[in-house]
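Below: one structure, written as structure tokens.
The values are calculated or read from the model by the stated rules, or taken from the named source; none is laboratory data. These figures come from a predicted structure and were not determined experimentally. Using ideal geometry, Cβ is built from the backbone for each residue, glycine included, and neighbour counts are taken over all protein chains shown. Quick note on the areas: whole protein, heavy atoms, side chains included, nothing else; ligands and nucleic acids left out. Shrake-Rupley method; radii C 1.70, N 1.55, O 1.52, S 1.80 Å.
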There are 2 protein chains.
Amino acid sequence: MVNTINRRDFIKTTAVAGTATTMAGSLLAYPSQKRVKMAVIGTGLRGQWVLSLAAKYPEVDIPAICDIDETMLAAALKILKEAGKPEPRVYRRGDEDFRRMISTEDLDGVYIATPWHWHHPMAVAAMKNGMQVGTEVPAALTVEECWDLVRTSEQTGMNCMIMENVCYRRDIMAILNMVQQGLFGELLHCQGGYQHDLRHVKFNNGEQAYGGGVEFGEKGFSEARWRTQHSVDRNGDLYPTHGLGPISPMLGINRGNRMVRLTSTASQARGLHQYIVDKGGSEHPNTEVEFKCGDIVTTVIKCANGQSIVLSHDTNNPRPYSLNFRVQGTQGIWQKDARSLYIEGLSDQPHRWEDEAPYLEEFDHPLWQRFEENAVGAGHGGMDYFIVRAMIETFKGAPPVIDVYDAVSMSVVSALSEQSITQGSAPIDIPDFTRGKWRTNVSIFGLSDRL
Amino acid sequence: MVNTINRRDFIKTTAVAGTATTMAGSLLAYPSQKRVKMAVIGTGLRGQWVLSLAAKYPEVDIPAICDIDETMLAAALKILKEAGKPEPRVYRRGDEDFRRMISTEDLDGVYIATPWHWHHPMAVAAMKNGMQVGTEVPAALTVEECWDLVRTSEQTGMNCMIMENVCYRRDIMAILNMVQQGLFGELLHCQGGYQHDLRHVKFNNGEQAYGGGVEFGEKGFSEARWRTQHSVDRNGDLYPTHGLGPISPMLGINRGNRMVRLTSTASQARGLHQYIVDKGGSEHPNTEVEFKCGDIVTTVIKCANGQSIVLSHDTNNPRPYSLNFRVQGTQGIWQKDARSLYIEGLSDQPHRWEDEAPYLEEFDHPLWQRFEENAVGAGHGGMDYFIVRAMIETFKGAPPVIDVYDAVSMSVVSALSEQSITQGSAPIDIPDFTRGKWRTNVSIFGLSDRL
């Protein structure tokens, strides 16, 4: 990398007219100290973790929690007690008891960390009762559910934020910073995905969360109880948001740009069956289960402004973890798996990869620089700190840096990729959930050191 | 990586029933010392290089060469003279003079290194005159041309080999070796592509081959004279074979497997225009040229045995060179850009990438070990030595390790990707050029230390 002075000249002369200051003004009030009341639906392992982070804020009251599992509820109560929070009311009377909580409690916001198919009905119920929503990924499972979230949000004026924590990963935010400063030129192509060997998550012995057996469904524990069934029933990109979430603000999705169509292609399904045979033996009853989800699902998305996005979903086989990030423009390219980038005019040697580290340091995002100490130890490399903080600020009424349109445009890819695969990789149109407003909506995410 | 003994146990217990010795017997006669007569059509820079490699074989006679450019012909004649070969007859009377050469000369084989659109008619003419063919990539530009090559080859009994040198890259052959020994388990997904900043190839000053100006077509020199026009006229993966060639034998394409359909998606086209503006100024006449080919073209292919292949074509923007290789199976994964692999049960640390180097060394292909000294300095990291040698052996009558079906199944992807992009990424069926024989054809490439 050339020295800082040259680099600044470079940026000055090549930066595209950006939106770097747009909306930042309206974020000046945050973080605020306003008191806020939130509840948690779903106190499993993820819910407990987010609860523990939210409980650190003195201005956050947590008057109610909701789950159907007494073990998980007990763990959540312990977390709140240790954080010095008053004991919350507990809603535990079955699957639909969240409705009683929502209609009874006076809440600013609800955080949802339940099995995927509950996210949509819970979010809708909360918004209809005048509560802001933070939902774990994905926000919804079908196109109709996505539209329902949008309509409900628009009708109620409540936001449905998706808790896509990877948007706040430190390297991602540095790259976003570089994109916004024009270092990559005009973006052409991005890649992302979810490449994570989840076999020990999808199967366990019914007693521990990770591994130790090949059970799932009723005999499984934690995510294996419900998540694995999606691999039985559905062939598609089941988990697109970790890859797509971080890319979306770089490409201005829903804000000057949008995704117009996709194609998906699945490989054969082998890994989960093989795992059962290897760990449970060829006589285990689960060897009879037929898994519909292809081991590697590749989705290619075309954007209104011309860019292509490649997403990969790859969770059933031995492989190192990687979210497959690549960001490429007319001026340069970043590729995470190689920990490398190349920027024409900046990189010392033409045609040679350069270590990403000095760039990530120099373009470290102001938000990270400001809150680095708070983020340390907050989970998933610190990004959980930021996503929880953004949710709490949204509950207080801050401008939604991740909104319902982001939630559904990230989430709908699953349903559409299933359709495409069923139809032999046919291109499927992606709905414009903003109904044309993407043309004039301005960027907001990552444009200040506030949210 | 665990020690060799453990590794051998691993291979013994996990290797799939392979084809590792099939056909190898019939290759035992090679290399032979049989005399062979070949001609060269196209004595541009690539043709000259291959000519210089072929001229090293004492048993190879080169009685004729053909081109329309006197400068290039003079260079070729010099190469042959310096190699101690007799002066060949020169066919130089215009574009169609190759037909006179083919009908006049007594030849075993013809090597073709002309602009792309000449490969098909020249290959057909040579086969119809009882000559074997080695053609530079791609073998043909349209689906009909591909069928024509197949029909002609079948009718004449002559082979049309494609000179896909990357098939012989040392790391590729080591990975192929590992695939054949079952280290990756059952393959699920492969990636490849052509990611090479060609702006200095597509444009020059008309006097030098690389760069120095923004001219192309009649005002350009070498490849810029004809190659650049393809980026003006066609939107698709213009150059799929460097990525697809090496992957094909790993997946058993045309030999137990085949590619059944593809989708292609192109990004916007920006890089070539930008280059003209940057290097030639905004007043240069070429700024008026509209380039049809998207800067990044992503093609996803589905195979009969279930696997998916992702190819990327990316030649118009600043970026380090990479052929984007990834090979992934039920047991492990190799990813070139990270120079890493992971094999379950072999890699020391679960979920951690491991340096590829010790594996590439241990599984170095027998062919490379045998001919390493010959390959050094033979161009493109030595792989040109092997592809030229394979061509010469084919001209002598050796079993074709890369045949006409390989030539067209690699090449047809360009035409089909153009169709898919024109139709909004619609899935396009890939013809079965073997007409069902892929089911019983056995693997041959890379299965011995002979060819």
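Observations, loosely collected:
- The residues of the range A:254-269 that are crowded, with 24+ Cβ neighbours inside 10 Å and either under 23 Å from residue B:311 (Cα atoms) or facing chain B (nearest Cβ under 7 Å) (or both), listed by number, are A:259, A:262, A:263, A:264, A:265, A:266, A:267.
- Of the residues making up the range B:31-52, those that are under 21 Å from residue B:119 (Cα atoms), among the hydrophobic types (A, V, I, L, M, F, W, C) and open to solvent by less than 10 Å² (accessible area, probe 1.4 Å) number 6.
- Filtering the range A:270-290 to residues that are surrounded by 22 or more Cβ atoms within 10 Å (Cβ to Cβ) and hydrophobic (A, V, I, L, M, F, W, C) leaves A:272, A:276.
- Only one of B:195, B:181, B:191 that is open to solvent by 20 Å² or more (accessible area, probe 1.4 Å), in contact with a strand residue (DSSP E or B) (Cβ under 6 Å, 6 or more places away or on another chain) and either farther than 30 Å from residue B:35 by Cβ or within 14 Å of chain A (Cβ to nearest Cβ) (or both): B:191
- Applying the condition of being assigned to a helix (DSSP H, G or I) and touching a helix residue (DSSP H, G or I) at 6+ places or on another chain (Cβ under 9 Å) to the range A:286-298 and asking which residue is farthest from the other protein chains (Cβ to nearest Cβ) yields A:286.
- Applying a threshold of 6 Å to beta carbon distances and a minimum spacing of six or more residues, or different chains, the list of pairs starting in the range A:80-108 at a residue that is farther than 18 Å from residue A:122 by Cα and ending at one that is in a loop (DSSP other than H, G, I, E, B) reads A:80/A:55; A:83/A:55; A:85/A:55.
- Checking residue A:152 against (1) closer than 17 Å to residue A:402 by Cα; (2) open to solvent by 20 Å² or more (accessible area, probe 1.4 Å), the condition it does not meet: (2)
- Restricting A:341, A:244, A:238, A:251 to those that are among the aliphatic types (A, V, I, L, M) and under 29 Å from residue A:212 (Cβ atoms) reduces the list to A:238.
- Yes/no for residue B:239 being at the interface with chain A (Cβ under 10 Å from one of its Cβ atoms) and within 16 Å of residue B:198 (Cβ to Cβ): no
- The lone exception for residue B:446 - which of (1) touching a helix residue (DSSP H, G or I) at 6+ places or on another chain (Cβ under 9 Å); (2) assigned to a helix (DSSP H, G or I) it fails: (2)
- The range A:225-243, residues that are in contact with a His (Cβ under 9 Å, 6 or more places away or on another chain) and hydrophobic (A, V, I, L, M, F, W, C): A:226, A:238
- Residue within the range B:210-219 that is within 14 Å of chain A (Cβ to nearest Cβ), out of contact with any Gly (no Cβ under 8 Å at 6 or more places or on another chain), surrounded by fewer than 19 Cβ atoms within 10 Å (Cβ to Cβ) and within 25 Å of residue B:73 (Cβ to Cβ) present: yes
- Candidates B:379, B:332, B:397, B:345, filtered to the one that is at pLDDT below 95 and within 14 Å of another protein chain (Cβ to nearest Cβ): B:345
- Condition check for residue A:312: crowded, with 23+ Cβ neighbours inside 10 Å, within 14 Å of chain B (Cβ to nearest Cβ) and either under 23 Å from residue A:161 (Cα atoms) or within 20 Å of the chain's Cα centre (by Cα) (or both): yes
- Residues in the range B:135-168 that are more than 14 Å from residue B:411 (Cα to Cα) and in contact with a Cys (Cβ under 8 Å, 6 or more places away or on another chain): B:152, B:153.
- Residue check for residue A:242: open to solvent by 10 Å² or more (accessible area, probe 1.4 Å), closer than 18 Å to residue A:411 by Cβ and under 16 Å from the mean Cα position of the chain (by Cα): yes
- Yes/no for residue A:301 being within 9 Å of chain B (Cβ to nearest Cβ), touching a residue at least 60 places away in the same chain (Cβ under 8 Å), over 22 Å from the mean Cα position of the chain (by Cα) and in a strand (DSSP E or B): no
- Any hit, the range B:163-171, residues being among the aromatic types (Phe, Trp, Tyr) and either touching a Ser or Thr at 6+ places or on another chain (Cβ under 8 Å) or in a loop (DSSP other than H, G, I, E, B) (or both): no
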